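S.K.: My structure is below; once you've seen it, I'll send some questions.
The values are calculated or read from the model by the stated rules, or taken from the named source; none is laboratory data. In this text, all values refer to a predicted model and were calculated from it rather than measured experimentally. Positions of Cβ are backbone-derived with ideal geometry, glycine not excepted, and every protein chain shown enters the neighbour counts.
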Amino acid sequence: MAADPKMRFLVVDDFSTMRRIVRNLLKELGFTNVDEAEDGAIALQKLQAGGFEFVVTDWNMPNMDGLTLLQTIRSTPHLKHLPVLMITAEAKKENIIAAAQAGASGYIVKPFTAGTLSEKLTKIFEKMGKA
Amino acid sequence: MTATNDTPDLEALFDSIAATTSAAVEPSTKPSTKQVAASSIASTGDSDELQDLFDSFSTAVPEQDKLAADGLLPEGMAADSDAWPKQEVVFNQIGQMARSLHDTICGLGYDKLLEKTVSAIPDAKDRLAYVANLTEQAACKVLNATDVAVPVVDDLNSSTNILANRWDLLFENKLSVVEFKALAEETRRFLRQDMQQKTAILHAQLTEIMMAQDFQDLTGQVIKKIGVLAQELEGGLMKVLLQVVPETKRTEEVESLMNGPVINAEGRNDVVVNQEQVDDLLESLGF
């Protein structure tokens, strides 16, 4: 992957198991600089503090859900450039459309494979490179 | 109300209705309402009790009706002369609905079924908590095992790589006799020590991962039981609903964006079933 291996990721999911899995997969892909948040509200706090370059988020979470987090990121001037990849069990077409319209950089449905994550990340990095 | 220790909730419900009713009437009528309540509940067995509750409720309503007509209602209610008849209509309707629901439930023998299922729900909650707990433990065990195993594998991988590179040099005649002797010795040590130790570690972690799957047997049993319960409850409630609810339009499915995983996608075209479909959809939308 062409992206900087020091790139700082924020993994947002209310289940610690899923955060651990995503963190491990990112590590496999060479990204070791990963922080975690257990819902959108905590994620937003961490993002506001700065230093993150990539957000991987679940949708259905307490306090603040992933879509709201995404919308908030897109409407915040100093965060709106952040790539946001959604990894979620929500599989209704309207979910996918809503996420795309809100400006998601990618959408992965659970259960997912390491290959899918790698592929989506590559795609997002390609787009970022072009931009 | 000593005979009714089996249904405290029902009793509380009744008390609250009785209290409202007696608050709405003159003090002189209060004892009679209470008496109806007390005697009816005290004299009943478990399901007759419900019957009497509704009887007393429905007799209380006409009583209020009369009082309203006589202008005996307390201030506030009497002052708002328009509000009371409306409330009365609502009370009557609720009373009739409850009556009809009650008759249906008893008539069809569902009271016992509902009683059974209601008492089974707290048990089902505990069982589900147990499932959540076991699956979480299993996930943690597996993740811990891989945390241990992955560095060991990486280490083996890099060690074999280093040795292999040196063997390549030997085959290219680039090693002296002394270097070759050292390589042979190191390789032997690697095979005898590192390889043995590390594969033993990996074996132990694989066993750990295997054993972490023991939850499936336990959760499977528990989930099957809850499935049966849900089916009974659904069947019972559905029959009651069909009896009680007149031909009403089907309530629309609640539209929500937070539904969790799709359990059964068969026959649905509003959901995707794999990542390919997600990608196709996004592509078709130009994303």
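S.K.: Applying the selection to segment A:81-93, what residues are at the interface with another protein chain (Cβ under 7 Å from one of its Cβ atoms) and out of contact with any Lys or Arg (no Cβ under 7 Å at 6 or more places or on another chain)?
M.R.: Pass one, segment A:81-93, residues at the interface with another protein chain (Cβ under 7 Å from one of its Cβ atoms): A:89-93.
Within segment A:81-93, A:GLU90, A:ALA91, A:LYS92, A:LYS93 meet the criteria.
S.K.: Counting only residues that are farther than 16 Å from A:THR88 by Cβ and surrounded by fewer than 16 Cβ atoms within 10 Å (Cβ to Cβ), which one in segment A:2-23 is nearest to the other protein chains (Cβ to nearest Cβ)?
M.R.: Ranking the candidates gives A:SER16 first.
S.K.: Which of the residues spanning segment A:62-80 are in contact with a Lys or Arg (Cβ under 7 Å, 6 or more places away or on another chain) and modelled with pLDDT of 95 or more? Lay out the reasoning, then the answer.
M.R.: Going residue by residue through segment A:62-80, those that are in contact with a Lys or Arg (Cβ under 7 Å, 6 or more places away or on another chain) are A:73-74, A:80.
Of everything in segment A:62-80, those that are in contact with a Lys or Arg (Cβ under 7 Å, 6 or more places away or on another chain) and modelled with pLDDT of 95 or more turn out to be A:ILE73, A:ARG74.
S.K.: Given A:GLU28, A:GLU36, A:GLU53, which one is at pLDDT below 95 and not polar (S, T, N, Q)?
M.R.: Details: A:GLU36 fails: at pLDDT below 95; A:GLU53 fails: at pLDDT below 95.
Every option except A:GLU28 fails the conditions.
S.K.: Working carefully through the options B:ALA164, B:ALA149, B:ALA132, find the one that is loosely packed, with under 12 Cβ neighbours inside 10 Å and over 30 Å from B:ILE226 (Cβ atoms). Walk me through how you get there before you give the answer.
M.R.: Values: B:ALA149 fails: loosely packed, with under 12 Cβ neighbours inside 10 Å; B:ALA132 fails: over 30 Å from B:ILE226 (Cβ atoms).
Sole residue among the options that is loosely packed, with under 12 Cβ neighbours inside 10 Å and over 30 Å from B:ILE226 (Cβ atoms): B:ALA164.
S.K.: So which residues in segment A:43-59 are of a type in the set (Asp, Glu) and within 17 Å of A:ASN33 (Cβ to Cβ), if there are any at all? Explain how you work it out, then say what you get.
M.R.: Going residue by residue through segment A:43-59, those that are of a type in the set (Asp, Glu) are A:53, A:58.
Result: A:GLU53, single match.
S.K.: For a quick check of your reading of the model, give me the residue pairs whose first member lies in segment B:265-287 and is facing chain A (nearest Cβ under 8 Å) and free of Cβ contacts under 8 Å to residues at least 60 places away in the same chain, whose second is assigned to a helix (DSSP H, G or I) and of a type in the set (Asp, Glu), with beta-carbon atoms closer than 8 Å and at least 6 apart or on different chains.
M.R.: B:ASP270/A:GLU94
S.K.: Within 12 Å of another protein chain (Cβ to nearest Cβ), surrounded by 18 or more Cβ atoms within 10 Å (Cβ to Cβ) and of a type in the set (Ser, Thr, Tyr): does that describe A:THR68?
M.R.: Details: within 12 Å of another protein chain (Cβ to nearest Cβ): yes; surrounded by 18 or more Cβ atoms within 10 Å (Cβ to Cβ): no; of a type in the set (Ser, Thr, Tyr): yes.
Spelling it out, it is not the case that A:THR68 is within 12 Å of another protein chain (Cβ to nearest Cβ), surrounded by 18 or more Cβ atoms within 10 Å (Cβ to Cβ) and of a type in the set (Ser, Thr, Tyr).
S.K.: List every residue pair whose Cβ atoms sit under 8 Å apart, with the two residues 6 or more apart in sequence or on different chains, where the first one lies in segment B:236-257 and is among the polar types (S, T, N, Q) and modelled with pLDDT of 70 or more and the second, anywhere, is surrounded by 10 or more Cβ atoms within 10 Å (Cβ to Cβ) and part of a helix (DSSP H, G or I).
M.R.: What qualifies is B:GLN243/B:THR104.
S.K.: Also, quick follow-up: Pairs under 9 Å by beta carbon, first residue more than 7 Å from chain B (Cβ to nearest Cβ) in segment A:97-114, partner assigned to a helix (DSSP H, G or I) and acidic (Asp, Glu), six or more apart or different chains?
M.R.: If the second residue must be assigned to a helix (DSSP H, G or I) and acidic (Asp, Glu), the pairs left are A:ALA114/A:GLU28.
S.K.: In segment A:118-131, what residues are crowded, with 20+ Cβ neighbours inside 10 Å and more than 10 Å from chain B (Cβ to nearest Cβ)? Talk me through it step by step, then tell me what you get.
M.R.: First, the residues of segment A:118-131 that are crowded, with 20+ Cβ neighbours inside 10 Å: A:120-121.
Result: A:LEU121, single match.
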